[in-house]
Amino acid sequence: MKAIKLVRKIVPDRLLMKMYDIYRVPINMYKYGTTDMFRSIAIELHTTCNRKCTYCPVSLYQHPHAEMSDEVFDMIMLNLHNIDYDGIVYLHRYDEPLLYPWLTQRVFQLKKYVPKCFIRVLTNGDYMTASLTDALVDAGVDNFNVTLHGLNQQGRLLDMKDRLSMFDDYINYTLGDDLNLSTRAGLITEGVVPAIKKCIEPLTCMQIDVNGNVILCYDDYYKEHKFGSIIHYDIMTLWLGDRFVQIRKDLRKGKIDLSLCRRCLDV
């Protein structure tokens, strides 16, 4: 486990993901009968963020506060358990996960029923105390990715590294000034935000919103494109639905038909 954590700290994420995709090809074919399989899943436990960063759609519109029901979360866990899921689980979308009051409980449940998954928490760190971090690690979080926003990022970085030094093996830090930004499908215009050249998001990550709907991708902030609910369909039926599969095929070929995708890629 320590060796894996060391590799994650040393190897850049993009290179690591490319290596992981190659490694997963024969495994996915054996387990699922297809190489078209998500390597990560993002679960929107709630919809609230305490910040309104200018490079985030939350600064333009905050979705009304909502929390995922036990029914929806249980169905997600059941589905991931049934497919013996061993990929990454993100517990956020455009929210601050550490504001969610039952995060520790959800992590514990998820790790119990989907023990092979890798739970990653992306946070702005504003509420990241040593006691909460310890509780989340004990519950089953494998990695925290802390992005520091606002003023005095270097000062906050030094402070957090000092306060949370006992969790160095679990935490990666990123300064907001160093982020690779996108226009979020054309929503963000402030500052210099270049359009992305190639899209892989819908090819590799399944997004489930607070109500249990599978949506196109992380950049689909207003949830324009939905492919069904985890309450009504199993997770592989949703992922391998004809419409979703065709969109992914088109993206791999560079065929960009959806207006949201065209805004993101600026084509």
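Here are some notes:
- Count of segment 54-76 residues which are open to solvent by 40 Å² or more (accessible area, probe 1.4 Å) and either in contact with a strand residue (DSSP E or B) (Cβ under 9 Å, 6 or more places away or on another chain) or outside any loop (DSSP other than H, G, I, E, B) (or both): 7
- Reported count of residues in segment 229-267, each being at pLDDT 95 or above and over 22 Å from residue 35 (Cα atoms), is 3.
- When segment 19-50 is filtered for residues that are open to solvent by 40 Å² or more (accessible area, probe 1.4 Å), part of a loop (DSSP other than H, G, I, E, B) and within 21 Å of residue 82 (Cβ to Cβ), the ones remaining, listed by number, are 33, 35.
- Among the residues of this structure, residue 238 does not count as one that is of a type outside the set (Phe, Trp, Tyr), in contact (Cβ under 8 Å) with a residue 12 or more places away in the chain and under 22 Å from residue 186 (Cβ atoms).
- Of 166, 160, 236, all but one fail to be hydrophobic (A, V, I, L, M, F, W, C) and either open to solvent by 70 Å² or more (accessible area, probe 1.4 Å) or in contact with a His (Cβ under 9 Å, 6 or more places away or on another chain) (or both); the exception is 166.
- Condition check for residue 95: open to solvent by less than 80 Å² (accessible area, probe 1.4 Å) and on the phi > 0 side of the Ramachandran plot: no
- Total residues in segment 107-155 satisfying the condition of being hydroxyl-bearing (Ser, Thr, Tyr), assigned to a strand (DSSP E or B) and touching a Phe, Trp or Tyr at 6+ places or on another chain (Cβ under 7 Å): the figure is 1.
- Residue satisfying condition, being farther than 17 Å from residue 122 by Cβ, at pLDDT 90 or above and touching a Ser or Thr at 6+ places or on another chain (Cβ under 7 Å), within set 63, 81: 63
- Yes/no for residue 222 being of a type in the set (Ser, Thr, Tyr) and exposed (fewer than 14 other Cβ atoms within 10 Å of the Cβ): yes
- Applying the criterion of being out of contact with any Pro (no Cβ under 7 Å at 6 or more places or on another chain) and of a type in the set (Lys, Arg) to the residues of segment 234-267, the residue that is nearest to residue 78 (Cα to Cα) is 243.
- Filter pass, residue 116 being surrounded by fewer than 20 Cβ atoms within 10 Å (Cβ to Cβ), basic (Lys, Arg) and more than 26 Å from residue 216 (Cα to Cα): no
- The C-beta contact set for segment 83-101 (first residue more than 17 Å from residue 140 (Cα to Cα) and of a type outside the set (D, E, K, R), second residue open to solvent by 20 Å² or more (accessible area, probe 1.4 Å) and assigned to a loop (DSSP other than H, G, I, E, B), distance under 6 angstrom, 6+ apart or interchain) comprises 99/48.
- Only one of 200, 215 that is β-branched (Val, Ile, Thr), open to solvent by 20 Å² or more (accessible area, probe 1.4 Å) and under 17 Å from residue 90 (Cα atoms): 200
The values are calculated or read from the model by the stated rules, or taken from the named source; none is laboratory data. Remember, predicted model here, so these are calculated numbers, not experimental data. Cβ sites come from the backbone with ideal geometry, for glycine too, and all protein chains shown count toward neighbours. Accessible surface is based on the protein model in full, side chains and every heavy atom, while ligands, DNA and RNA are left aside. Shrake-Rupley method; radii C 1.70, N 1.55, O 1.52, S 1.80 Å.
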